[in-house]
Every structure is written in structure tokens, then in C-alpha cells.
Amino acid sequence: MMKKRTARKLLLALMSMVTLAACAQPAPPSAAASAPDAARGRQAYVMCATCHGAGGERPPSMDAPPLGGQSPAYVERQLRAYRAGLRGMHPDDVAGNRMRVLARSLPDEALIADLAAHISSLPAVRSDRAVKGSVQAGRKLYQAQCIACHGASGEGQAALNAPRAAGLGEQYTVTQLQHFKFDRRAAAGNDLGQQMTDVARKTLRDERAIRDVVAYLSSLAP
């Protein structure tokens, strides 16, 4: 039994190395100036699917967000932030640290754009309902503080650099709001992240407020 487990681990490690090596092949010189290649992004997405799901739906056991339906500009911005050490640096952001290491394996800007193009083509999913909170209280908070940037249905607004907030999974959203509130998400130089940190500190007074907002977001269609 132990030999089989060891062999399985070695096989998985080898597969991961092969995948990363394939993704690390630089794009042709003209790719950065051309339109994103969603097909190339789909091939590279293999290394993302374990945590985020083959269709961007996120397996329930993972502490990663669903990705389907997110805007390509936001996906690109977050991958660049991870890659540059502007996100995922705080020691308490365990998942962020893991994502930062993976993002550093992306060899060029063209592949980031290709990945974002593929991810944005995946369908959005409805959020889980794992967090207890008041939808009514969350609606009041959201409409007073969040709707201007994230939209009436949590769909996000690319012009304001605001991502889709609905359908990200309740526990993931709770964790990210906690990270913002306690300054664990945006490293120095991450201006947009710091803006959200300021909003979270002023608006989300306590854990109950966080859970109420997340409960409301989870009631919205993706």
C-alpha cells in the first residue's frame, strides 16, 4: 500500500512538472501585441483546475474561489499582483501565499492575458450557502457601501476596476473581507487593494457585518 501511495505521489509530481514546463514555453514574439489566445489559456489552465475546478466552479473542498464569469481585466490584474508580490505576501494568507508561488511560474504577460481570456469564457456559478448571516441586514450594508462599485447584482464594473462579487463562494468571500479589514491582502504598492482595505475597515464593524454582507451576496444570481 505504501509503495502504491509513493508511486502515485511521484506520478502526480511528475505530471505537475510537465504541465508547468509546458506553460513556461514563451509565447511567439508577436503574441504580446496580438489578441489573447483563449485556446492557449485553456491549455495552461490545467495547472489551475485542481483548485479552481475544470469549469471554474471550484471543488467544495478547496479554499479557492470559483473563477467563471469574472472579467478578464480583473483576472489579469490579480495574476500580476500575485506575480509581483503585491498580493499573497502576508503570512496569515495561506491560500494567497500558495497562489503567489504558482503565479510566479507564468513566464510572460501574453500567457496571463491568455489565461484571463479562457477564464472569462467559463460560466458563472451560484454561491454556496455555508455562512449564517442576515440577508436583510446585508442588503442594507451592500446598498449603502458596495453597490456603487460592484453593481446592483454584484456583477462588478470593469470601468471602476471592481470585480464580480456574487457567486464567489461564501467562505472564500468571508475570508477575503477579513483579509481586507485586517490588512492581510494588499501589500504596499497595491493601490486598488488598499482602497478596498479602507472601505472594509470603515464599513465592516465586526464579524457579524461581514457575514451579513456575504449572506446577501450569496442570495444574488451570478
**OP:** Count the net charge of all other residues whose Cβ sits under 15 Å from the Cβ of residue 167, scoring Lys and Arg as +1 and Asp and Glu as -1.
**Re:** 0
**OP:** Considering the options 121, 60, 79, tell which one lies farthest towards the positive end of the dipole of the stretch 34-169, charges being +1 on Lys and Arg and -1 on Asp and Glu at the Cβ, about the Cα centre.
**Re:** 60
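How much net charge surrounds residue 203 when only the other residues with a Cβ under 12 Å from the Cβ of residue 203 are counted, with Lys and Arg +1 and Asp and Glu -1? Working shown, then result.
Working: positive: 140, 181, 201, 202, 205; negative: 198, 206, 212.
Net of charged neighbours comes to +2.
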Subject >> Positive-pole candidate from 148, 136, 188, dipole of the stretch 63-222, charges at beta carbon >> reply: 136
Original post:
Where the centroid of each part is defined by its Cα atoms, how far is the stretch 125-164 from the stretch 168-208 in Å?
Top reply: 14
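Which net charge results when you count Lys and Arg as +1 and Asp and Glu as -1 among the other residues whose beta-carbon is under 15 Å from that of residue 156? If you can, show how the numbers build up before the last one.
On the way: positive: 77, 164; negative: 76, 155.
Within the 15 Å Cβ shell, the charges total 0.
Throughout, read-outs are computed from the coordinates displayed, never taken from laboratory work. Predicted, not measured: the structure shown is a model, and the values here were computed from it. Note that each Cβ is placed from the backbone with ideal geometry, even for glycine, and that neighbours are counted across all protein chains shown.
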